[in-house]
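Read-outs: derived from the displayed coordinates by stated rules, not from any lab. All values derive from a computational prediction rather than experimental measurement. Here the Cβ positions follow ideal geometry from the backbone for every residue, glycine too, while neighbour counts run over all protein chains shown.
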Amino acid sequence: MTNSFADFGKAKMIFVIGSNMTEAHPVAATFVKDAVLAGARLIVADPRRTPLVDFAERHVQHKVGSDVALLNSIMYVLISENLYNKDYVDSRCSGFKELKAKVMEYPPEKAAKICGITADAIHDLARELASVKPAMLMYTLGITEHTCGVNNVLSCANLQMLLGNVGVECGGVNPIRGQNNVQGACDMGALPNVFHGYQRVDNPENRTKFEKAWNVKDLPAKPGLMLPQMVEAVGEGKIKGFYIFGENLANTEPDIRHVEHCLKSAEFLVCQDIFPTETTKFAHVILPAAAWSENDGTFTSSERRVNRVRTAHPAPGDAKPNWWIFKEIAKRMGHVWTSNSAREIWDNEIAAFGPSMAGIKYARLENDGLQWPCPNEDHPGTFFLHKDRFASGLGKLVPVEWTPPAEVPDDEYPLVLSTGRRLYHYHTRTMTGRSGGLNDLLREERADISAEDANARGIEHGEMISVRSRRGEVVVRANVTDMIPPGLVWMAFHFREGNANWLTNPVYDPTCQTAEYKACAVQIGKLT
């Protein structure tokens with residue numbers, strides 16, 4: 001997030017697009033609801049009528065996969081009616097001419113046909129967003145889990161810069177991260193193109209610094225493989241050994257049958273996790289890891305805030321802290337790592353070699369923690385980014401073209417399947433599935449469908465139905481609901497049986513390699 005959760009309570013306008021916050025991020029959603037109750041205006045753009053819509057003054061129910069067309073058309077109106085922040089754009093941004101040329105190709109009358117809403121709705125939305133300054137924009141996986149996910153994010157940034165909403169309190173571009181410490185994992189360099197602190201591996205100075213710090217030579221100058229590329233290479237025999245750390249790939253990746261084939265193909269598969277999962281069944285070695293409450297360390301939240309985690313109880317059996325496991329493996333490979341605690345790892349490695357975190361010393365992580373960038377020990381942390389300037393100097397307005405999902409409905413598969421999370425469970429239920437109370441609240445997957453689609457097929461609420469795609473078929477209970485527009489089916493991937501990922505399409509954004517979980521073509525029908 002460019003901004004902070006503390007901004008929610010002071011916000012004047014909040015634009016939420018592609019985020020079912022009330023179920024996927026209930027704490028963050030509570031902050032948004034509190035902001036509305038305190039007087040903030042809320043606009044929700046989502047194909048479904050999510051519970052957050054009850055708090056919104058406007059619900060823009062656009063079609064799955066039409067976000068770029070919608071956002072480009074909003075910017076068309078802002079520029080055409082001179083509603084954008086010209087002074088901000090002229091002084092703080094580059095690329096306006098190119099952006100304008102592109103968004104002028106998306107008049108509301110054209111975008112309306114792509115988005116499935118009226119041209120008047122687009123005009124009204126643009127004018128509302130321009131009428132309140134500043135406004136916060138929030139998104140989650142409804143924006144990123146597309147083959148055009150990067151373009152969706154760029155469009156969100158374009159809109160906020162055009163309105164002058166970046167670099168100010170209660171503004172910004174604010175992705176609510178998907179799970180605890182997913183921000184921290186990226187910050188620590190769990191990406192193939194950067195060292196920790198987002199220091200690029202293709203920068204010679206960065207490589208030299210880490211070669212010296214780690215006492216190694218010839219660190220790779222090119223980014224490594226993304227997860228889908230790794231899985232595919234394992235299946236093709238190009239990768240012989242595969243180390244899976246805290247990930248249940250056999251349930252979370254699209255087209256489960258193909259993923260299982262790839263996992264079976266590994267000559268040597270290691271899983272490091274806190275519980276047995278569908279993925280550990282394929283492992284040759286399972287390393288038992290301590291859970292978050294059994295270990296000291298840090299989490300970093302969506303707002304870039306680093307917080308302490310303290311051991312609440314000892315790890316069971318042979319389970320060990322993850323850093324200890326990695327250190328012991330390195331030791332057996334002939335490399336001695338000197339840091340011997342979470343504190344030493346942070347102070348001697350993370351802060352010492354990550355400029356944006358240099359001032360976040362372990363001793364300072366009391367109370368509410370600190371938000372990076374925090375370049376020195378006198379720095380209070382950064383509450384919102386880009387206050388005076390962007391990291392690159394000027395904010396880059398990047399024109400992007402709308403592209404449809406990789407798989408669209410046809411006569412054989414006439415409906416769109418979109419996926420996400422439900423309130424009572426999390427991801428593949430590795431943890432929540434071990435809670436009897438949560439299982440009582442939600443014990444099976446279902447397919448959310450509209451009354452119109454149900455009636456057309458003679459489907460009754462609560463009956464078992466078939467959902468089929470080009471990858472496979474699942475049998476789940478029909479949930480006929482007014483949350484879903486005609487033409488859409490919505491499912492989650494929490495349960496092994498009825499998992500939406502038996503059906504989802506293994507296609508990816510070409511830049512970030514995020515899978516298109518939010519759109520594939522399916523058919524539904526009564527069981528025969």
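When only the Cβ of Lys, Arg, Asp and Glu is charged (+1, +1, -1, -1), the dipole of segment 211-337 relative to its Cα centre reaches about 500 debye. Here segment 222-289 and segment 81-111 have alpha carbon centers that stand 44 Å from each other. What does the helix-only formula give at 222 nm for the chain: each DSSP H stretch with n ≥ 4 adding -39500 (n - 2.57), the total divided by the residues, and the result rounded to the nearest 500 deg cm²/dmol? That calculation yields -8000 deg cm²/dmol at 222 nm.
The ranking of Val216, Val32 by Cβ neighbour count inside 10 Å, starting from the fewest, reads Val216, Val32.
Each Lys or Arg adds one and each Asp or Glu takes one away; over the other residues whose Cβ falls under 12 Å from the Cβ of Lys63, this sums to +1. Let me make sure I get this right: for segment 67-145, a, b and c are the square roots of the gyration tensor eigenvalues over alpha carbons, sorted descending. Under 1.5 in a/c it's rounded, otherwise prolate if a/b > b/c, else oblate. Which is it? Rounded, because the longest to shortest axis ratio a/c is under 1.5.
Hey, quick one: spin label on His379, modelled 7 Å out along Cα-Cβ, who in segment 333-354 has an amide N within reach, i.e. under 14 Å? Hits in segment 333-354 for His379 at 14 Å: 351-354.
Looking at the chain only, what percent of DSSP beta bridges run antiparallel? Nearest 5 please. Looking only at bridges with both residues in the chain, the antiparallel portion is about 40 percent. Summing +1 for each Lys or Arg and -1 for each Asp or Glu among the other residues whose beta-carbon sits under 14 angstrom from that of Arg305 gives -1. Using Cβ point charges alone (K and R +1, D and E -1), the dipole size of segment 5-176 about the Cα centre works out to roughly 160 debye.
Sequence-distant contacts, meaning Cα pairs under 8 Å at least 6 residues apart, place the relative contact order of the chain at 17 percent. Based on alpha-carbon atoms, the Kirkwood radius and the radius of gyration of segment 5-176 give Rg/Rh equal to 0.93. Placing a pseudo-label 7 Å from each Cα along the Cα-to-Cβ vector at Tyr243 and Phe390 gives an inter-label distance of 3.7 nm. Judged by the gyration tensor of its Cα atoms, with axes a ≥ b ≥ c, segment 372-456 is oblate; a/c meets the 1.5 cut and b/c is at least as large as a/b.
Kindly flag which residue pairs out of Lys63/Lys100; Lys240/Lys327; Lys209/Lys327; Lys281/Lys526; Lys97/Lys222; Lys240/Lys331 have an alpha-carbon separation exceeding 31 Å in this structure. Violating the 31 Å limit, Cα to Cα: Lys281/Lys526; Lys97/Lys222. Taken about its Cα centre, segment 226-288 carries a charge dipole of roughly 180 debye when the Cβ of each Lys and Arg holds +1 and the Cβ of each Asp and Glu holds -1. Ranking Asn348, Gly172, Val489 by how far each Cα lies toward the positive end of the dipole of the chain (charges on Cβ) leaves Asn348 at the top. DSSP beta bridges confined to segment 415-526 are antiparallel in about 60 percent of cases. Determine the shape class of segment 415-526: with a ≥ b ≥ c the square roots of the Cα gyration tensor eigenvalues, call it rounded for a/c under 1.5, and otherwise prolate if a/b is greater than b/c, oblate otherwise. Judged from the Cα gyration tensor, segment 415-526 comes out oblate (a/c at least 1.5, b/c at or above a/b). Restricting segment 340-374 to GluC sites (Glu not before Pro) that sit in a DSSP loop and have at most 16 other Cβ atoms within 10 Å of their own Cβ leaves Glu366. Length, then width, then depth: along the principal axes, the Cα atoms of the chain run 65, 64, 42 Å. Of the options Val476, Asn501, Leu159, report the single residue whose Cα projects farthest towards the positive end of the charge dipole of the chain (beta-carbon charges: Lys, Arg +1; Asp, Glu -1). In the chain, that residue is Leu159. Applying a DSSP loop filter and a limit of 11 other Cβ atoms within 10 Å to the GluC sites (Glu not before Pro) in segment 367-431 leaves Glu412. Across segment 5-176, C-alpha contacts under 8 Å between residues 6 or more apart give a mean separation that, scaled by the residue count, equals a relative contact order of 29 percent.
At a Förster radius of 30 Å, what calculated FRET efficiency corresponds to the Cβ-Cβ distance of Phe275 and Asp368, to the nearest 0.05? Calculated value: 0.45.
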